[in-house]
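This report refers to the structure that appears directly beneath it.
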Amino acid sequence: MAASSDLESGFTWRAALFVVIAALVFIPASTYLNLIAGVSLGLVGTYALLVLFAYVMRLLDSDMKPQEVFTLYVGVGSVSGIATTAYYLIIYRMYFVQSPISQSYSLMGVQLPEVVPDWLAPPLSSTAYRARTFFHPDLAKPLVAWTVATALAMLAELSLVIIAAHVFVEIQKLPFPYAQVDASIVEALSSGQRFRETVGFLAPGLYVGLSYGSLLYLGSSLGFPLIPLPFIDLTRLTSSILPGAVIGLATSLMPWAAGMVVPFGIASVSLAISLAVWVFGNSLILTNPALREAFPEWVSEYYGGMDLIRVLQRSQVRVWLPIQIGAALGFAALTILKYRKALSATVRVLRRSLVGSEDGGALPSLRLAFACFLASTLSSVAVFHYLLPNFPIIIALLTSLGVSFLLGLISAAVVGESGASFSPPPYLWHTIVYLTPAEDLTPKEAYAAFVYPPVIAGGATGGGAQAMKVALLTRTKPIDVVKVWVFAYTLGLVINLLSLDFFWRIAPIPSSAYPNTIISMPASAMIDSLLVTRALRIQSQLLVLSAIGTAGLAAAVELAAKVLKLGVSSAGLMLGLTTPPVYAIPLFAGSAVSRLVLRRFLGERWERARSAIVAGVLLGEGLAATIAVVSLMLVKSAWLWPW
């Protein structure tokens, strides 16, 4: 690991300028893509702009340092994922107030549209509904409410990233498999000792990704898809044999290529759990009499021929939601036990830093990170209590402080061991509110409690800790990760607000001008209405049983791995529970090909080339996706009315 004296800063004026350009290019395109298709350019688009920027600098005979490339990589990656922010929720909430779906439900004897407070959406009589712009006086309160929530969430997440980096990068020294992929990209795009060899490995992957990506994205963008996007749906074909099973295959090369850097043991456990839950579990509940009685809502809502998305959504809400939340809590408890020595070391370091001077290290200050985490979470609880004074403050406090910390540990542990991303359980806060007595709440508080949570951070902690690891691999000051993230995300919020305002002025949201909103907004309104009115049934005993069961199963996996030397990890359990087979199968296939075929025949050469080849595939697909988005916007530019 690089010493702090060997590290260089990469957050230069050139890197900052390129981040601004990336934000101006990416965010409007991603926002538009999200409105029409529910996707964003994300990671694949990041590589495209990185290559473009590196090429421009070489044309100017001014190569970028590896530190600059990495800082730019973090900054561009930050803005590339900003397709929808909290400001989109203002438009959605205004739709909710007008929706016939919400008008058919009532809360405490009052129709749902009437219980939405004016700091979430203006009353139906407001002219803001006709103006369709954020810059209306009646939207000032919602803008302030969500801006404050977003700023506090960003501060809490950054604080957890630094804490997790101290635990899992500096003390525990987890491998973070994808970190080497990111480092290979940085090396390929900057002048370095292994530049020619790295580019030689990257080129074949680039050609494969670009060729396949052209078939995948260009056809869809021009209206005649050659390959289904984002997956091939096999659920309907198998419904007669396995009713309710979620079966399909991702058509993007990303999960297939990414599996090549995921440890085989983790990919195997992930696939086994994913099939057990989403294929055999879903089907067994529909066919077993005892389980049919335990989950009557899932049984009544399922019908033959249901497509993959509906099967996944309905089974998750009706069956797996409390199980996923309980499993996350159980896995968090095991993670704390597993890494107790690292956590104890962190506590000792934190104690020393609080009472004396901190040891000079490469990572940002642990003491400052802990103080910022407390300040951001406690501030969010204070704001939440001010807006909802009758909601039990202890619930908000335990959730924002405790659950955020646990989610951060889980996220960093999963990413650090397997490289796979970790997403917090969906509807986590909704479930907590659902299980909290609401007798003392007013109707407006009872509604707002579900949709305006205190800060719950931790979902991005794993990725952030990995960025800290890559910073050390590329000899970049880790504090630059924090600087560029704050700079890029703040800039991204402003541009996303302006982009959403622009598209909203052009046509109503939802409308046929933005097809995804016609599907997603009514679906979200239905789920919100069911949750707020407590029409969805969440069984608390499932939370407890799944927590105990997951902790026990994870412990058994860890014990078997240690005793039998199987090379598996409990990180695959949570990955499989939250990842449908659509992505678990490609992940396993990529890992199996890498471990059982390529490593056997190519040996050490494959180990050297693997990260660069995977990066090349992602880079090629990113270029194809970017070209497709530009083509799509050109095709649509001449069309506006009617929506």
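The values are calculated or read from the model by the stated rules, or taken from the named source; none is laboratory data. The model shown is predicted, which means the values in this text are computed figures rather than measured ones. Here the Cβ positions follow ideal geometry from the backbone for every residue, glycine too, while neighbour counts run over all protein chains shown. With ligands, DNA and RNA removed, areas are computed over all heavy atoms of the protein, side chains included. Shrake-Rupley method; radii C 1.70, N 1.55, O 1.52, S 1.80 Å.
Shape of the chain from its Cα gyration tensor (a ≥ b ≥ c, root eigenvalues): rounded if a/c is under 1.5, otherwise prolate when a/b > b/c, or oblate? In terms of gyration-tensor shape, rounded. Longest stretch of the chain clear of exposed loop sites (trypsin sites (Lys or Arg not before Pro), DSSP loop, at most 16 other Cβ atoms within 10 Å, sites excluded): 195-533.
For the stretch 494-593, with only Lys/Arg (+1) and Asp/Glu (-1) charged at the beta-carbon, what is the dipole magnitude about the Cα centre, in debye rounded to 20? Could you put the intermediate results ahead of the total?
Working: 5 positive and 3 negative charges, 40 e Å.
Around 200 debye, computed over the stretch 494-593.
Amide hydrogen proximity for E8: with H placed 1.01 Å from N in the peptide plane, the residues at 5 or more positions away or on another chain lying under 5 Å are T476, K477. Between the residues F373, L202, Y217, the greatest Cα displacement towards the positive end of the dipole of the chain, with unit charges on the Cβ of Lys, Arg, Asp and Glu, is found for L202.
Residues of the chain were split at every exposed loop site, defined as GluC sites (Glu not before Pro) in a DSSP loop with at most 16 other C-beta atoms within 10 angstrom, and the longest piece left, sites excluded, is 1-357. Over the stretch 508-625, all Cα pairs binned in 10 Å intervals from 0 give whole-percent P(r) values of 10, 18, 28, 21, 18, 4, 0, listed from short to long. Computed per residue of the chain from DSSP H runs no shorter than four, each worth -39500 (n - 2.57), the mean residue ellipticity at 222 nm is -20500 deg cm²/dmol.
I want the local charge near R314. Using Cβ-Cβ distances under 13 Å, sum +1 for each Lys or Arg and -1 for each Asp or Glu among the other residues. Provide the component values of the computation, followed by the final result.
Details: positive: R310, R318; negative: E297, E301, D307.
Summing Lys and Arg as +1 and Asp and Glu as -1 gives -1.
Taking the solvent-accessible surface of protein heavy atoms with a 1.4 Å probe, what is the per residue accessible area of the chain in Å²?
Working: 26510 Å² over 643 residues.
Averaged over the residues of the chain, the accessible area is 41 Å².
Taking only the C-alpha atoms of the stretch 234-309, the Rg (one decimal) and the largest Cα-Cα distance, Dmax (whole number), read 14.7, 42 Å.
State whether the stretch 368-408 is rounded, prolate or oblate according to the following rule on the C-alpha gyration tensor (a ≥ b ≥ c being the square roots of its eigenvalues): a/c under 1.5 gives rounded; otherwise a/b larger than b/c gives prolate, and the remaining case gives oblate. Present the calculation step by step, with values, prior to reporting the outcome.
Numbers: a/c = 3.45, a/b = 1.59, b/c = 2.18.
Note, shape of the stretch 368-408 comes out oblate.
So what's the stretch 51-153 giving for Rg/Rh, alpha carbon basis, Kirkwood Rh from the mean inverse pair distance?
My calculation puts Rg/Rh at 1.26.
What you get for the chain, charging only the Cβ of Lys and Arg (+1) and of Asp and Glu (-1), is a dipole of about 880 debye around the Cα centre. Using the Cα gyration tensor of the stretch 402-536, with a ≥ b ≥ c the square roots of its eigenvalues, what is the shape: rounded (a/c below 1.5), prolate (a/b larger than b/c) or oblate (neither)? Taking the square roots of the gyration eigenvalues as a ≥ b ≥ c, the stretch 402-536 is oblate.
What does the convex hull of the alpha-carbon atoms of the stretch 448-497 project to on average, in nm²? Walk me through the intermediate numbers first.
On the way: hull surface 19.0 nm².
In nm², the orientation-averaged hull projection of the stretch 448-497 is 4.7.
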